[in-house]
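Undergrad: What follows is a structure written as structure tokens; I'll ask about it next.
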Amino acid sequence: MLTLTCPYCGVKAEETELAPGGEAHLKRFGPGSTDDEYESYMFARKNPKGVHFERWRHAYGCGKWFLAARCTATLEVFGTYPAQSKEPPAELIAAIKAKRPGWEGYK
Amino acid sequence: MKRYSVFAIAREALRYHEGWERAWRAPQPKSAYDVVIVGAGGHGLATAYYLGKNFGITNVAVIEKGWLGGGNTGRNTTIIRSNYLQDPSAAIYEKARSLYETLSQDLNYNVMFSPRGLLMLAQTHHEVRGYLRTVHANTLQGVATEWIEPAKVKELVPIINIDGPRYPVLGALYQARGGTARHDAVAWGYARACSDMGMDIIQQCEVTGVRSEGGQVTGVETTRGAIACKKLGIVVAGHSGQVAEMAGFRLPVEAVALQALVSEPIKPCMDVVVMANTVHGYMSQSDKGEMVIGGGTDGFNNFTQRGSFQHIEETLRALIETFPIISRLKMLRQWGGIVDMTGDRSPIISKTPLGNCFINCGWGTGGFKAIPGSGWAMAELMAKGHSPLAADFGMERFREGRFIDESVAAGVAH
Ligand SMILES: Cc1cc2nc3c(=O)[nH]c(=O)nc-3n(C[C@H](O)[C@H](O)[C@H](O)COP(=O)(O)OP(=O)(O)OC[C@H]3O[C@@H](n4cnc5c(N)ncnc54)[C@H](O)[C@@H]3O)c2cc1C
Ligand SMILES: [Zn+2]
């Protein structure tokens, strides 16, 4: 069972307390964008087999959205961080690189 | 290939069953083929089969990283139905269902198709309205389904509790010619027929790269060397994103785990398939007597082919009210498969940015029932560049906003 620590309230929450919210750090495109940009914002997802950055909500806890780095091939969790982050924090990236030397890094 | 028949059984019985042949060859990969199909699941094998049968294209290799049928084809709960709402879906699923009717004869391999009847329970008023609408749509599409009242449901499924306080049974969408088939046998039957036509099914061989030149695929790299091809078909379900990336394009597909479980075998107690979409559970009884139960998907990307306990709990908790008999059953096994979900929950049978490369994926939680129809359409698309059955399933539909919206119609799809 997946366990994530909420970066706001510090609670170690398991899957049933959390609501998954899909890929993190999507760049939103709206009116004025090209068809390509809009299509890829709506539907194209990284869907990696390995390191992935996601949105989660502490649904049955503090109710806030946060972000998590997780391996989709092993379910290992690398860490969580606040939803206000533009990209994953440098320490987290370094920690993932230490564990997954072959990883091409955050793109 | 020696044909299977009652005479063959008699002949072998008289000589200690020593004369059975291997069902398919295990060849070394050649350096080039006219067509390479990546993925020996049901859809990949059916594509190869209809390329040969309908178009005479037999210089074909089907390349599989594990063993054939070891992906979702060998992990699913084998429900076959075609009671979909939208015309393009009804057309391809009904084509598949009708091919299943004679598939054993066609392949000379018993796929144990069992059109035992299928009920989709309506347990909320919303579902009642939805299914009545589906019955009308199916009538127009020429798919035989009917709406049945609770008393008829009880007659068809004596073990059901129709007046559960939380999930009463208000009726059902009934497809009398829906049912099940033996999942492995479907893959094995197609594999044997393909091998018999001279096609190479290459197992334990993973595609690791796609070679292209000037917008055309020239071949694939595999763990057993490079293989050139004139046309490439990618049919790898949960790994579609990975193989598409090798070919240099992205897909509107995400991989999640879907799981199922079976109980200990019991005496025959239910001879139809029952789906309860409100509670995300579905059940049938296998020929061995096990209750085969399917549940919901994980909500997050997952490649682990495992399930999670809370989904089992959720599924069983809800099913127990409708089927009180299962509360005392021991569950024997549980497993997961990685399903490929698209943005509109409908499949993709499509051309790709590479001219001679085609993709068939996105069957998600419900593609076993579609195997013959999907293979039929994909073979036509690959051979002729166009297939009426596949026309609406092109991936440009996401860009054009032309969705085939079935998840709303069915709540859960499989
Ligand atoms: C638990 C569960 C229950 C289900 N229940 C139903 C049901 O009741 N009814 C229904 O209609 N559908 C059901 N489905 C869905 C159905 O199983 C799938 O839609 C269908 O089997 C997909 O077939 P496929 O041939 O596309 O994929 P698969 O059978 O998964 O085949 C894809 C193959 O590609 C291979 N592959 C992947 N990457 C590579 C590579 N790089 N190189 C070479 N080979 C590769 C894989 O090893 C695999 O064998 C269920 C699925 C699951 C998991
Ligand atoms: Zn919290």
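Undergrad: Hey, B:Met197 hits all of (1) without any contact (Cβ under 8 Å) to a residue 40 or more places away in the chain; (2) closer than 19 Å to B:Gly42 by Cα but one; which does it fall short on?
TA: Of (1) without any contact (Cβ under 8 Å) to a residue 40 or more places away in the chain; (2) closer than 19 Å to B:Gly42 by Cα, only one is false for B:Met197: (1).
Undergrad: Does B:Val35 satisfy being more than 12 Å from ligand 1 (Cβ to nearest atom), crowded, with 21+ Cβ neighbours inside 10 Å and assigned to a loop (DSSP other than H, G, I, E, B)? I'd like the intermediate steps shown before the answer.
TA: On the way: more than 12 Å from ligand 1 (Cβ to nearest atom): yes; crowded, with 21+ Cβ neighbours inside 10 Å: yes; assigned to a loop (DSSP other than H, G, I, E, B): no.
The answer is no for B:Val35.
Undergrad: All but one of (1) within 13 Å of another protein chain (Cβ to nearest Cβ); (2) closer than 30 Å to B:Glu380 by Cα hold for B:Ala257; which doesn't?
TA: If we test B:Ala257 against (1) within 13 Å of another protein chain (Cβ to nearest Cβ); (2) closer than 30 Å to B:Glu380 by Cα, just (2) comes out false.
Undergrad: Something else about it: Here are some residues: A:Gly50, A:Gly22, A:Gly32, A:Gly102. Which one is within 12 Å of chain B (Cβ to nearest Cβ), farther than 17 Å from A:Gly10 by Cα and surrounded by fewer than 14 Cβ atoms within 10 Å (Cβ to Cβ)? Walk me through how you get there before you give the answer.
TA: On the way: A:Gly50 fails: surrounded by fewer than 14 Cβ atoms within 10 Å (Cβ to Cβ); A:Gly32 fails: within 12 Å of chain B (Cβ to nearest Cβ); A:Gly102 fails: within 12 Å of chain B (Cβ to nearest Cβ).
Within the list A:Gly50, A:Gly22, A:Gly32, A:Gly102, the selection yields A:Gly22.
Undergrad: Please specify each residue of segment B:2-47 satisfying the condition of being at positive phi and under 29 Å from the mean Cα position of the chain (by Cα).
TA: Going residue by residue through segment B:2-47, those that are at positive phi are B:16-17, B:39.
Passing the criteria: only B:Gly39.
Undergrad: Of the conditions (1) part of a helix (DSSP H, G or I); (2) among the small types (Gly, Ala, Ser); (3) under 26 Å from B:Glu406 (Cα atoms); (4) more than 14 Å from chain A (Cβ to nearest Cβ), B:Ser240 clears all except one; give me its number.
TA: Status for B:Ser240: all satisfied but (4).
Undergrad: Which of the residues that make up segment B:157-176 are surrounded by fewer than 21 Cβ atoms within 10 Å (Cβ to Cβ) and touching a Leu at 6+ places or on another chain (Cβ under 9 Å)?
TA: At the first step, the residues of segment B:157-176 found to be surrounded by fewer than 21 Cβ atoms within 10 Å (Cβ to Cβ) are B:158-159, B:161-168, B:170, B:176.
Matches in segment B:157-176: B:Ile162, B:Tyr167, B:Leu170, B:Ala176.
Undergrad: Give segment A:1-19 a look and list any residue that's within 11 Å of chain B (Cβ to nearest Cβ) and surrounded by 14 or more Cβ atoms within 10 Å (Cβ to Cβ), or say none.
TA: Going through segment A:1-19, the residues within 11 Å of chain B (Cβ to nearest Cβ) turn out to be A:1-2, A:4, A:14-19.
Listed by number, the residues that qualify are A:Leu2, A:Leu4, A:Glu15, A:Thr16, A:Glu17, A:Leu18, A:Ala19.
Undergrad: Taking the conditions exactly as written (under 16 Å from B:Phe300 (Cβ atoms) and modelled with pLDDT of 95 or more), does A:Leu26 satisfy them or not? Give the derivation first.
TA: Values: under 16 Å from B:Phe300 (Cβ atoms): yes; modelled with pLDDT of 95 or more: no.
Considered against the rule, which asks whether it is under 16 Å from B:Phe300 (Cβ atoms) and modelled with pLDDT of 95 or more, A:Leu26 comes out as no.
Undergrad: To continue, here is another question. Does segment A:53-81 hold any residues that are within 11 Å of chain B (Cβ to nearest Cβ), over 18 Å from A:Met1 (Cβ atoms) and either within 16 Å of ligand 1 (Cβ to nearest atom) or not charged (D, E, K, R) (or both), and which are they?
TA: Within segment A:53-81, just A:Phe53 meets the criteria.
Undergrad: Out of segment B:378-408, which residues are within 13 Å of ligand 1 (Cβ to nearest atom) and under 21 Å from B:Val36 (Cβ atoms)? Give the steps one after another, and end with the answer.
TA: So the first thing to find is which residues in segment B:378-408 are within 13 Å of ligand 1 (Cβ to nearest atom), and the list is B:378, B:406.
Answer for segment B:378-408, where residues must be within 13 Å of ligand 1 (Cβ to nearest atom) and under 21 Å from B:Val36 (Cβ atoms): just B:Met378.
Undergrad: Hey, any hits in segment B:319-338 for a residue that's within 16 Å of ligand 1 (Cβ to nearest atom) and within 28 Å of B:Lys95 (Cβ to Cβ)?
TA: First, pick out the residues of segment B:319-338 that are within 16 Å of ligand 1 (Cβ to nearest atom): B:319, B:331-338.
Adding the requirement that they be within 28 Å of B:Lys95 (Cβ to Cβ) leaves B:337-338.
Among the residues of segment B:319-338, at least one is within 16 Å of ligand 1 (Cβ to nearest atom) and within 28 Å of B:Lys95 (Cβ to Cβ), which makes the answer yes.
Undergrad: Filter segment B:260-313 down to the residues that are within 14 Å of chain A (Cβ to nearest Cβ), charged (D, E, K, R) and within 30 Å of B:Val128 (Cβ to Cβ) and list them by number.
TA: B:Asp298, B:Glu313
Undergrad: State which residue pairs qualify: first residue closer than 23 Å to A:Glu14 by Cα and inside segment A:73-90, second residue aromatic (Phe, Trp, Tyr) and in a loop (DSSP other than H, G, I, E, B) in any location, beta carbons under 8 Å apart, and separation of 6 or more residues or different chains.
TA: A:Ala73/B:Phe303; A:Pro82/A:Tyr8; A:Pro88/A:Tyr106
Undergrad: Among the residues of segment B:243-271, count how many are buried (at least 19 other Cβ atoms within 10 Å of the Cβ) and not in a strand (DSSP E or B).
TA: First, the residues of segment B:243-271 that are buried (at least 19 other Cβ atoms within 10 Å of the Cβ): B:243-244, B:247, B:251-263, B:270.
Narrowing further to those that are not in a strand (DSSP E or B): B:243-244, B:247, B:251-252, B:270.
The number of residues fulfilling the criteria is 6.
The values are calculated or read from the model by the stated rules, or taken from the named source; none is laboratory data. These figures come from a predicted structure and were not determined experimentally. Methodologically, a virtual Cβ is constructed for each residue, glycine included, from the backbone with ideal geometry; neighbour enumeration extends over all protein chains shown.
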